[in-house]
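Here is the structure we will look at, set down as structure tokens.
The values are calculated or read from the model by the stated rules, or taken from the named source; none is laboratory data. Everything numeric in this text was worked out from a predicted model, so none of it was measured. Reconstructed Cβ throughout: ideal geometry from the backbone, glycine too, with neighbour counts over all protein chains shown.
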Amino acid sequence: MARKTNRKTSPTTSLPPEVVAALGQPTREEKPALKSEGVGAIIAAGCRALFRPGENSLRVHMTAQFYPWRVGGLVLAAGVVAARAATVSGTHAILLALATGAGAWVGLRLLRTVKARQFRATRLAAEWAEIDPAHARVCVSAAGVWLIALILIQPASLTAWWWSGLVGLLALLALGSRFWAHHRIPRVLVAVDRAGPTPPPPPGEHTVARKWRTRVGNSNGCLPGTKLTDLVDEPYGVRGQLHLVPGRQTITSVRAATGYIASALGVAEADILIEHVEPTEENPKPDSAILDIKVVTVGMLTQKVPLQGNRLVVDGDDVSIRMGPYADGDGEALWRLYTADSIWGGFVAGSTGSGKSGLIDALALGIWQTGNTVIIYIDPKNGGSSPRIFDRAHWPVGKDPDTWEAILSGLIEVIEARGLENSARLKVSGFTPSKKRPGIVVIVDECHVVITPQNAERWGRVGREGRAAGVQALYASQIYGLQTFGGDDAVRSSATAGNTVALRVSRNQSSMIADIPLDPSTLPKITGVGLVDAGREAPFKAAWAPSETTAAQMDAALEHAPQELDPLAAGAFDAGSGGLYSRRHQIADQQVANAEERLQAYEAGRTPTARQDTDTQPAMTNIVNPLGFEVPSSIDPDLLSETDLGLGILTDANRDPNEQRVARWSGAARRVLQVLIEHGTLRRGQIEAQVRQAEECSRATVSRALDDLAEAGEIQALPNRRGWQLAA
């Protein structure tokens, strides 16, 4: 039988308090929790602030800035204890000094361990020992020397301690300045003042607008106070208008935050297109605080764009070549070829695998489709860059520096002859192409090999004076630095005056391309995606077709293209090139015959017949990389001349194997390679010191150069962070 209890329970005990109040029943009062008051509350608050600082406290916000002072205080405390202990006897002093030196060495070794980077108290010191090991050694050595000095001096008076402390303070300020320069005070975005609570989301809010409002435009976002309006779904994604905070944000600051915006919206950086609003008759001067924004949610850049049909856009005297559609499908990127009285060239930059050769093929097809332009093709790879253009160009030239110089002299002679013709006969100041008087476009692939300091000024003349004479150059290279243009900025300016196209390049190269406002290094690793200096500030996808299809389209375009220059230009070209222009077909046939003869000799196991000194470089698929072996004495020395078959094997055998490795890079990356070639193996801090002194650049620039070189397989890191060396 259950035991009865005298405890009375109220039927309202289990009801919620608001229900009990509604029934008119008294509610049970909760006992007040004990709270600290007076001195106890002050002590508790101090302990919390000291040992458990809040997330937004000044101590947490400036942890890196306070860290040298914490280390300095620890060293001071250790010095006081050691100095007092050293007064016991001379033996104690000597032992403490030895222990201090050994402790400094052991401490530096411990900072390089994984545990030190994981432990909160030593994490910043361990990271600094990895970032700047030389400075970390100096800091540890200075602390050890100061401690040993205190132990040996054993200051007994207040004056002695004052001078010892002053020396330590000055050393701390001097050594900590480098640490503080690297660990800048974090920048806190100022929250936007809001009147009252955050308003509820609008009814029917678009998904992209909601993400922008909650992740980008809120008080903690990268662009506080901004908002999206008039969002419309399109086949490529979403378009609308972006409203900035007037006086606080610009299109430049918005583009600088593109990476944060992309992560907030869940798309790639290249899929966010931000442009000024185009003027219209109703709104001739749009508000600069309102921008057009497009978010591409469909992978249009990953889709192949077929190279087909007529590639030209003709508007009166203006003729442009269609390169490919923009990422949102609104229009196409254009290469300006002709305007009234002028012909234009340009520059194409792109790293390996970026689609540079395919774009050059598309431009060559468009040039031939004009029906009034011829192409001269210079390729140091002996046609390997584009065999389709090499086989069809008006004058293809492989790896033959002497013929390059002859072509350059011939082009200048044509420019002067046509300039004289314009003034004396035609009475015009420019150039209008026709089939009887065709324009001349020189495609210079791998132009960093062709243009040298010795001929840079003459190539500059082609860009500056050739525009009105129907002669221009289209340059292509992986490098945009000054060495690509023979170290002459005037050549680079004239080369990029007409068109500049940047496919995907390394971060080291993208910082040099000032003609394009967006960063080409942020483009996705998709072949054919690039940016242009004119038109829209948005990525485009270059048109492409298989080699056989491209070749067939080129053959069809060549049926209507001029086969020869006009008599005046042909005569000037032949005179300037020393007669090579008129003999170009015979030279090409002889080159092929000589190459075939040599190949047959190699297959038969006999020494080929030496070629004549007057023979020019044959157009064969090249082998440009040095082999790095000694040439046997049995090989005829005449075969080692600069006019060797163009295969480049024998000529390159005795060259420095690192020459072409260095030639592919510029700026800080080039200097890193030169330093490693000279010294073999160096630590990161040593590389940074030498490169920064030579290039006058920042540590971040050197770090990016090291990353780019490592990604390209040019250098490799040694195990256990012992430094860097050239890759095998």
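Hey, among H276, H243, which residue is touching a residue at least 40 places away in the same chain (Cβ under 8 Å) and closer than 30 Å to S219 by Cβ?
H243
If you scan segment 92-125, which residues turn out to be part of a helix (DSSP H, G or I) and among the basic types (K, R)?
Of everything in segment 92-125, those that are part of a helix (DSSP H, G or I) and among the basic types (K, R) turn out to be R109, K115, R117, R123.
Which of the strands (runs of 3 or more DSSP E) found entirely inside segment 220-320 contain at least 3 residues meeting this: of a type outside the set (G, A, S) and touching a Lys or Arg at 6+ places or on another chain (Cβ under 9 Å)?
Once the strands (runs of 3 or more DSSP E) in segment 220-320 are filtered for at least 3 residues that are of a type outside the set (G, A, S) and touching a Lys or Arg at 6+ places or on another chain (Cβ under 9 Å), what remains is 227-234, 237-243, 272-276, 290-296.
Restricted to segment 571-586, and to residues that are under 42 Å from the mean Cα position of the chain (by Cα) and small (G, A, S), which residue is nearest to L420 (Cα to Cα)?
G576
Would segment 391-400 turn up any residue that is over 30 Å from L307 (Cα atoms) and surrounded by fewer than 22 Cβ atoms within 10 Å (Cβ to Cβ)?
Checked against the condition, which is being over 30 Å from L307 (Cα atoms) and surrounded by fewer than 22 Cβ atoms within 10 Å (Cβ to Cβ), segment 391-400 yields no hits at all.
Answer yes or no: is there a residue in segment 246-266 that is over 15 Å from G221 (Cα atoms) and polar (S, T, N, Q).
yes
Sort out which residues of segment 366-419 are of a type in the set (S, T, N, Q) and either part of a helix (DSSP H, G or I) or in contact with a Pro (Cβ under 9 Å, 6 or more places away or on another chain) (or both), and write them in order of number.
Q369, T370, N372, T373, N382, T403, S409 - these are the residues of segment 366-419 that are of a type in the set (S, T, N, Q) and either part of a helix (DSSP H, G or I) or in contact with a Pro (Cβ under 9 Å, 6 or more places away or on another chain) (or both).
Just need a number here: residues in segment 459-490 that are assigned to a helix (DSSP H, G or I), of a type in the set (V, I, T) and modelled with pLDDT under 90.
1
Are any residues in segment 126-161 over 23 Å from Y67 (Cα atoms), not in a helix (DSSP H, G or I) and not aliphatic (A, V, I, L, M), and if so, which ones?
Q154, P155, S157
Could you pull out the residue among T91, T113, T87 that is surrounded by fewer than 19 Cβ atoms within 10 Å (Cβ to Cβ), polar (S, T, N, Q) and under 43 Å from the mean Cα position of the chain (by Cα)?
That would be T113, the only listed residue that is surrounded by fewer than 19 Cβ atoms within 10 Å (Cβ to Cβ), polar (S, T, N, Q) and under 43 Å from the mean Cα position of the chain (by Cα).
Can you tell me which residue within segment 256-265, out of those that are surrounded by fewer than 16 Cβ atoms within 10 Å (Cβ to Cβ) and at pLDDT below 90, is nearest to T207 (Cα to Cα)?
G259
Tell me which residues, restricted to segment 698-728, are free of Cβ contacts under 8 Å to residues at least 60 places away in the same chain and among the basic types (K, R).
Correct list: R722 only.
Determine the pairs where a residue that is over 17 Å from G346 (Cβ atoms), located within segment 450-461, has a partner that is of a type in the set (D, E, K, R) and crowded, with 16+ Cβ neighbours inside 10 Å with Cβ atoms under 8 Å apart, the partner being 6 or more residues away or on another chain.
Note: pairs meeting the criteria are P453/D488; N455/E405; A456/D488; E457/D488.
Given the options L359, L365, L411, name the one that is touching a Lys or Arg at 6+ places or on another chain (Cβ under 7 Å), buried (at least 18 other Cβ atoms within 10 Å of the Cβ) and within 23 Å of V319 (Cα to Cα).
That would be L365, the only listed residue that is touching a Lys or Arg at 6+ places or on another chain (Cβ under 7 Å), buried (at least 18 other Cβ atoms within 10 Å of the Cβ) and within 23 Å of V319 (Cα to Cα).
Those residues that are closer than 16 Å to D292 by Cβ, of a type outside the set (F, W, Y) and surrounded by 20 or more Cβ atoms within 10 Å (Cβ to Cβ), I need them from segment 210-236; list them, please.
Correct list: L223, T226, L228.
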